[in-house]
């Protein structure tokens, strides 16, 4: 009997991960934790709600001794930047306390309990100026609180793993695109919006220049990254347990031309260009391209081009939206 | 009226820094904080003892609103490795709480209080495999708890500084050599011991191969690094507020030959080679050489060769020892 826990199981990627695990016939219990879940979709996993910054909550999650833990919960980048206290308390200190709670279980078990812990980090751990492609030896010099909190968490997880308390890996997800659902206020939201909204017959605003280049992977690829991380022999990481993942580097212009190829001019004409200086300034600081040699060598795979990313949205999410 | 606070003022570098500041006629009060001070040397600075892991202590230190803070306190590498809890509590969480206390003072002052904070980090933030020279864009992938704690602290200080709560810089000191005083149990202790003990007519054990290469600077250089960091315009760091400092890269053989040049064969003959596999294994993981281009550009200076490092020991510390 084994147990799997998804912390942040109410979010978009968490729900897709849970569906993927259930579809493949999960070996053992699946528990989802989040601060809140969207209206019930009829699934039957165990669901727990709570506040991760409450030590009783992190202690209780650890006390169940799940063998496999996906840690996806976070205050998003924009909110961590405007609410400094909430960002550090949730993204760094709650993760620290959770690691401490797992270490206590490890000790109490006489060293037999040592869960696999897959932590979703972010390309926000990097800050410019960048090389043309960010390689695996490039420094983490984040320019946001969110990036600093993720980078600290990576360091903690690596050290707790080196000591044998947990068996962890931090995976730095590309910007996930195309996100299904309603537009959100994330600065990166338009990367999904300019594809999703037109495909649903709605107008979308493009707030940046079409020359902007960024780094993407689909939600399906994200689920693949997470599941691959659960079964990988982490000794192969040789102590460097934070990994930049594969993705698709493309410009907004290339995104739009891929949409034209897939869906035609009438759909593309629903994109309205209306420059937002604030968003343009934030996006200008973001990574544009990577050379994720280690992750490729370890078997991680993303899409080959942006057209595939659009096609995955159409296949996986567009039917539900309509 | 300005105030300077040295946290870790009872240590070797802290005491030399205090002497240097006093010798130059410090503008304002000088306060030293440490868990314990060595027997009184007759100096007249304010001295405070306490436990940094006690939040009341960090709050009280911040409440005095010093304009300039040197943060040198740490559980050393070896102890942080054997006492996991103490290392993380002191080196990471106490520093976090101190930053939070300074942020509270910044807020309470209406934003006018924003101290210069000089944090001593370490080359232990790096982990192998290394390039021939560690350049300024190389990743931090520490292989010790001490290194992970220092790397987390760098990230926090950078983010608190980016937000304007403090004006901080993290300086990664080379291994300080020649340390005066008695031999200690640090794995790096022999680098000082094989120079200091023979110059004082005593036998010294060399526990590693003479081909071992490492990265050094004198205590005098360390004081120079700290004082330079206090007056530097940190906007020049362009958001990358953790800096690898200059030093001397040399092999143990080169150290010994420099000692022979300075003090002769009879002194060198007091070094006895007795390999210690445990120490050799630890030392094999350490950085060997750096290309600290940014720090040099910002005006940081170390010695030009190991002979100078020996001569500084003879001038600054040997008279007291004899």
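Every number here is computed from the coordinates shown, using simple stated rules; none is lab data. Predicted model only: the values in this text are computed from it and were never measured. All Cβ positions, glycine included, derive from the backbone under ideal geometry; neighbour counts span all protein chains shown.
Figures for the structure shown
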item: Nitroxide proxy distance, nm - points 7 Å out along Cα→Cβ at residue A:49 and residue B:53; result: 3.8
item: Footprinting exposure proxy for B:107, A:285 (fewest neighbouring C-beta atoms within 10 Å first); result: B:107, A:285
item: Sequence of B:51, A:276 once ranked by neighbouring C-beta atoms within 10 Å, starting from the fewest; result: B:51, A:276
item: Viscosity 0.890 mPa s, 25 °C: Kirkwood-radius Stokes-Einstein D of the protein assembly as shown over Cα pairs, µm²/s; result: 92
item: Relative packing of A:226-235, A:142-151, which averages over residues the other C-beta atoms within 10 Å, highest first; result: A:142-151, A:226-235
item: Nearest-first distances (nm) between copies at residue B:253, label 7 Å from Cα via Cβ; result: 5.8
item: Most fluctuating residue given options B:175, B:82, B:158, as computed from a GNM of chain B linking Cα atoms under 10 Å; result: B:82
item: Pairwise FRET efficiency - residue A:202 versus residue A:2, Cβ, R0 = 51 Å, nearest 0.05; result: 0.75
item: Theoretical ellipticity at 222 nm over chain B - DSSP helices of four or more residues, -39500 (n - 2.57) apiece, nearest 500; result: -11500 deg cm²/dmol
item: Whole-number percent relative contact order across chain B, with pairs defined as alpha carbons under 8 Å at least 6 apart; result: 17
item: Relative contact order [Cα under 8 Å, 6+ residues apart], the stretch A:136-284, whole percent; result: 32
item: Inter-centroid distance (Cα atoms) of the stretch A:216-254 relative to the stretch B:54-130, Å; result: 34
item: Label distances, nm, residue A:35 versus same residue in remaining copies, Cβ-directed 7 Å point; result: 3.7
item: Likely footprinting exposure, A:311, A:203, A:303, fewest C-beta neighbours within 10 Å first; result: A:203, A:311, A:303
item: Per-residue mean of C-beta atoms belonging to partner chains within 10 Å, peptide B:83-90; result: 2
item: Förster-model FRET efficiency, 60 Å R0, residue A:260 and residue B:133, C-beta, rounded to 0.05; result: 0.80
item: Average beta carbon contacts from partner chains per residue of A:132-143, 10 Å cutoff; result: 4
item: C-alpha long axis of helix B:12-23 to longest principal axis of chain B, angle in °; result: 70
item: Other protein chain Cβ atoms within 10 Å, averaged over every residue that makes up A:154-165; result: 5
item: Normalised contact order of the stretch A:228-310, rounded percent, pairs of Cα under 8 Å and 6 or more residues apart; result: 55
item: Per-copy distances of the residue B:185 label point, shortest first, in nm (7 angstrom along Cα→Cβ); result: 5.5
item: Hypothetical label at residue A:231: residues of the stretch A:3-20 whose amide nitrogen lies under 15 Å (7 Å Cα-Cβ projection); result: A:20
item: Residue of B:269, B:59, B:91 that the Gaussian network model of chain B assigns the largest fluctuation, springs spanning Cα pairs under 10 Å; result: B:269
